[in-house]
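Q: Got a structure here, written out as structure tokens. Questions coming.
The values are calculated or read from the model by the stated rules, or taken from the named source; none is laboratory data. Values in this document were obtained by computation on a predicted structure and should not be read as measured data. Ideal geometry is used to build each Cβ from the backbone, glycine not excepted, and the neighbour counts take in all protein chains shown.
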Amino acid sequence: MKMVSSPVLEAKSLTRRFGGLVAVNAVCFSVNPGEIFGLIGPNGAGKTTLFNLVTGMIPPSSGQMLYNGTEISKLRPHQIAAKGIARTFQNIRLFSNLSVLENVMIARHLQTSSGLLQGVIGAAAQEEQTTRQAALELLELVGLSDRAEEKSRNLPYGEQRRLEIARALALQPQVLLLDEPAAGMNLNEKHQLSEFIRQIRDRFNLTILLIEHHVPLVMGLCDRIAVLDFGQLIAMGDPAQVRNDRAVIEAYLGGE
């Protein structure tokens, strides 16, 4: 008999109101271990709000968010990150005055026994060296090892995106949320990014949630896709099902 894995993430009637605006409206979905799960929809559909609910940036107005069967709706962002959920942002959030290497090391320090403060002041020298080596390996993975000592603000936009992913991976997550990782990239860069996302999923045994406006990338990359429109979930399924869904064609693609 085939064993069915329990969901890593599960939203139960997740709702977020801002005054009279319902940004996310009773959304239900589950994400299975090892999936690349896409989230698409028009601008203003509620995608980033949903990411913010998953990662504790904002609390839900009602409903629940479960991680490995445990509710995380009331936890703060750092508590959720410590449990194994990391994310990137639509607007890149790097420490611009720190080096590329330091950006990754700071995230990695959060996973060490000595913690960030001791690492920064130079205590636990062996652990500091281990942290540095792990950060360098992540930079090698994302193709930035030759720029480790540069200020992160000096990187081109696409490389800043890769650095943000490396920093998220330094948290050693089980679940990685990517908010428009292909924004600002050309077609060749988007193809490379798609292959890179598969690579890190397989290498680190990750579950990945992806917000992306470039529909061909999502269709070619994701195992399943959820579609939001005006805060409501209007379709969910594999790429072929979503591509041919009448509600998606009318609401997201603007009709035939």
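Q: Regarding the range 143-152, can at least one residue be identified that is under 19 Å from the mean Cα position of the chain (by Cα) and not basic (Lys, Arg)?
A: Scanning the range 143-152 turns up no residue that is under 19 Å from the mean Cα position of the chain (by Cα) and not basic (Lys, Arg).
Q: Here is a follow-up. Out of curiosity, is residue 11 within 12 Å of residue 209 (Cβ to Cβ) and surrounded by 21 or more Cβ atoms within 10 Å (Cβ to Cβ)? Even if it seems obvious, please write down each step before you answer.
A: Numbers: within 12 Å of residue 209 (Cβ to Cβ): yes; surrounded by 21 or more Cβ atoms within 10 Å (Cβ to Cβ): yes.
Yes: the conditions hold for residue 11.
Q: In addition: When you look at residue 103, is it more than 30 Å from residue 249 (Cβ to Cβ), buried (at least 17 other Cβ atoms within 10 Å of the Cβ) and not hydrophobic (A, V, I, L, M, F, W, C), yes or no?
A: Yes: the conditions hold for residue 103.
Here is a yes/no grid of residues against (1) within 16 Å of residue 35 (Cα to Cα); (2) part of a helix (DSSP H, G or I); (3) under 13 Å from the mean Cα position of the chain (by Cα):
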{"residue": "176", "(1), (2), (3)": "yes, no, yes"}
{"residue": "182", "(1), (2), (3)": "no, no, yes"}
{"residue": "190", "(1), (2), (3)": "no, yes, no"}
{"residue": "195", "(1), (2), (3)": "yes, yes, no"}
{"residue": "199", "(1), (2), (3)": "yes, yes, no"}
{"residue": "208", "(1), (2), (3)": "yes, no, yes"}
{"residue": "219", "(1), (2), (3)": "yes, yes, no"}
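Q: Could you go through the range 24-38 and let me know if any residue there is without any contact (Cβ under 8 Å) to a residue 12 or more places away in the chain, surrounded by fewer than 21 Cβ atoms within 10 Å (Cβ to Cβ), in a strand (DSSP E or B) and of a type outside the set (D, E, K, R).
A: Scanning the range 24-38, I find no residue that is without any contact (Cβ under 8 Å) to a residue 12 or more places away in the chain, surrounded by fewer than 21 Cβ atoms within 10 Å (Cβ to Cβ), in a strand (DSSP E or B) and of a type outside the set (D, E, K, R), so the answer is no.
Q: Inspect the range 66-79 for any residue being among the hydrophobic types (A, V, I, L, M, F, W, C), assigned by TED's automatic domain parsing to the domain that holds residue 13 and surrounded by 21 or more Cβ atoms within 10 Å (Cβ to Cβ) and give the result as yes or no.
A: Step one: list which residues in the range 66-79 are among the hydrophobic types (A, V, I, L, M, F, W, C), which gives 66, 72, 75.
Narrowing the set further to residues that are assigned by TED's automatic domain parsing to the domain that holds residue 13 leaves 66, 72, 75.
Filter once more, so that each one left must be surrounded by 21 or more Cβ atoms within 10 Å (Cβ to Cβ): none.
No, that holds for no residue.
Q: Only one of these conditions is not met by residue 129: (1) more than 24 Å from residue 38 (Cβ to Cβ); (2) surrounded by fewer than 17 Cβ atoms within 10 Å (Cβ to Cβ); (3) at pLDDT 90 or above; (4) of a type outside the set (Phe, Trp, Tyr). Which number is it?
A: Exception for residue 129: condition (3).
Q: Given the structure, is residue 159 surrounded by 14 or more Cβ atoms within 10 Å (Cβ to Cβ), at pLDDT below 90 and in the same structural domain as residue 140 (by TED's automatic domain parsing)?
A: Details: surrounded by 14 or more Cβ atoms within 10 Å (Cβ to Cβ): yes; at pLDDT below 90: yes; in the same structural domain as residue 140 (by TED's automatic domain parsing): yes.
The answer is yes for residue 159.
Q: Can you tell me how many residues in the range 133-151 are in a helix (DSSP H, G or I) and under 16 Å from residue 204 (Cβ atoms)?
A: Let us first name the residues in the range 133-151 that are in a helix (DSSP H, G or I), namely 133-141, 145-147.
The next check asks that each one be under 16 Å from residue 204 (Cβ atoms); those that pass are 134-135, 137-141.
Summing the residues that are in a helix (DSSP H, G or I) and under 16 Å from residue 204 (Cβ atoms) in the range 133-151 gives 7.
Q: Checking the condition on the phi < 0 side of the Ramachandran plot, surrounded by fewer than 22 Cβ atoms within 10 Å (Cβ to Cβ), out of contact with any Ser or Thr (no Cβ under 7 Å at 6 or more places or on another chain) and not in a helix (DSSP H, G or I), which residue from 171, 228 passes? Can you show your working first?
A: Details: 228 fails: surrounded by fewer than 22 Cβ atoms within 10 Å (Cβ to Cβ).
Every option except 171 fails the conditions.
Conditions (1) within 19 Å of residue 208 (Cα to Cα); (2) in the same structural domain as residue 202 (by TED's automatic domain parsing); (3) of a type in the set (S, T, N, Q), marked per residue:
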site	(1), (2), (3)
25	no, yes, yes
28	yes, yes, no
32	yes, yes, yes
35	yes, yes, no
41	yes, yes, no
51	yes, yes, no
54	yes, yes, no
59	no, yes, no
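Q: Give all pairs with beta carbons closer than 9 Å in which a residue from the range 89-109 that is in a loop (DSSP other than H, G, I, E, B) meets a residue that is β-branched (Val, Ile, Thr); count only pairs at least 6 apart in sequence or on separate chains.
A: Sorted first by the residue in the range 89-109, then by its partner, the pairs are 89/48; 90/48; 90/211; 94/100; 95/106; 98/106.
Q: Of the conditions (1) touching a strand residue (DSSP E or B) at 6+ places or on another chain (Cβ under 9 Å); (2) of a type outside the set (Lys, Arg); (3) in a helix (DSSP H, G or I); (4) surrounded by fewer than 18 Cβ atoms within 10 Å (Cβ to Cβ), residue 248 fails just one. Which one is it?
A: Going through the list (1) touching a strand residue (DSSP E or B) at 6+ places or on another chain (Cβ under 9 Å); (2) of a type outside the set (Lys, Arg); (3) in a helix (DSSP H, G or I); (4) surrounded by fewer than 18 Cβ atoms within 10 Å (Cβ to Cβ), residue 248 breaks only (4).
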